[in-house]
Amino acid sequence: MDKNENHTFVRNGKVKAQAIVEFMLLLPVLLLLVLGAIDFGRLFYVKIVLTNAAREGANYLAFHSFDQDDGFVQTCGVVQAEANSSGVQVYPEEVQYLNCCTQGSKVGVQITKSVNLVFDGLLQSLGLLNGPIVLDNVVYMVVQ
C-alpha cells in the first residue's frame, strides 16, 4: 500500500470509524428532512383530493338544486364518495353549502379538514405548530 493513499476504509486490518460516526450524526437530520418532505407531499395530496371532492359536490348541487332537502344529503354523499375513492375520509360536519340554490346564481361547497403531521407532537412541543394543519377548500358553480 502506498503512503499517499490515506483514503482507504480499512487500514492495517482495522475499520476507520470516522465515516460511521459522521453518518450517525447526520442520520437524524436526514430523517427529519425525508419525513418532512413526506408530510408536505401528503398535505399537497389531501388538498388536491378535497378540491376534487368539493368540485364534484358543487357540480352535483348545481344540477340537482331542485330538491334542496334531499340534495344536501346526496351532495354530501357525492363529496364523501369522491374523497374516499382517493383514500381521504371526509365527514358530513366538514362539508358546508354556500349560497344555495337560486337558478343562475352560484352555489358553493366548502370542505374544511384538519390533517395531523408525522411530527405533530414534536413541532407542538417546540412551539412551531399550534395543532393540526387545517385545509380549507371552496368551489363555486352556477346553478342550472
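Here's the yes/no breakdown for (1) modelled with pLDDT of 90 or more; (2) farther than 18 Å from PRO92 by Cβ:
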{"residue": "ASP39", "(1), (2)": "no, yes"}
{"residue": "ALA54", "(1), (2)": "yes, no"}
{"residue": "ASN59", "(1), (2)": "yes, yes"}
{"residue": "ALA62", "(1), (2)": "no, yes"}
{"residue": "VAL73", "(1), (2)": "no, no"}
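Residues are listed down the side, and each one gets a yes or a no for (1) closer than 18 Å to LEU33 by Cα; (2) within 16 Å of the chain's Cα centre (by Cα); (3) not polar (S, T, N, Q):
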site	(1), (2), (3)
ASN99	no, no, no
THR112	no, yes, no
LEU117	yes, yes, yes
LEU126	yes, no, yes
VAL134	no, yes, yes
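Can you tell me which residue is farthest from the chain's Cα centre (by Cα) among those in region 75-97 that are hydroxyl-bearing (Ser, Thr, Tyr) and at pLDDT 85 or above?
Restricting to residues being hydroxyl-bearing (Ser, Thr, Tyr) and at pLDDT 85 or above, the top hit is TYR97.
Of all residues being among the aliphatic types (A, V, I, L, M) and in a strand (DSSP E or B) in region 115-144, which is surrounded by the fewest Cβ atoms within 10 Å (Cβ to Cβ)? Just the residue, please.
Among those residues, the one meeting the criterion is VAL134.
This table checks each residue for (1) within 30 Å of LYS113 (Cβ to Cβ); (2) at pLDDT below 90; (3) of a type in the set (S, T, N, Q).
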residue	(1), (2), (3)
ASN6	no, yes, yes
PHE9	no, yes, no
LYS16	no, yes, no
LEU25	no, no, no
PRO28	no, yes, no
GLY36	yes, yes, no
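Go through region 97-114 residue by residue and tally those that are buried (at least 17 other Cβ atoms within 10 Å of the Cβ) and over 15 Å from LEU61 (Cβ atoms).
Here is the first cut: in region 97-114, the ones buried (at least 17 other Cβ atoms within 10 Å of the Cβ) are 97, 100-101, 107-111, 113.
Next, from what is left, pick out any that are over 15 Å from LEU61 (Cβ atoms): 113.
So the answer is 1.
Is it the case that some residue within region 81-89 is surrounded by 15 or more Cβ atoms within 10 Å (Cβ to Cβ), in a helix (DSSP H, G or I) and touching a residue at least 24 places away in the same chain (Cβ under 8 Å)?
Of the residues in region 81-89, the ones surrounded by 15 or more Cβ atoms within 10 Å (Cβ to Cβ) are 82-83, 88.
When the remaining residues are screened for being in a helix (DSSP H, G or I), the result is 82-83.
Cutting the leftovers down to touching a residue at least 24 places away in the same chain (Cβ under 8 Å) gives us 82-83.
Looking for residues that are surrounded by 15 or more Cβ atoms within 10 Å (Cβ to Cβ), in a helix (DSSP H, G or I) and touching a residue at least 24 places away in the same chain (Cβ under 8 Å), one finds at least one in region 81-89, hence yes.
Spot the failing condition for LYS106; the list is (1) modelled with pLDDT under 85; (2) closer than 13 Å to VAL139 by Cβ, and only one is missed.
The number of the failed condition is (1).
The values are calculated or read from the model by the stated rules, or taken from the named source; none is laboratory data. All values reported here derive from a predicted model rather than from experimental measurement. Cβ sites come from the backbone with ideal geometry, for glycine too, and all protein chains shown count toward neighbours.
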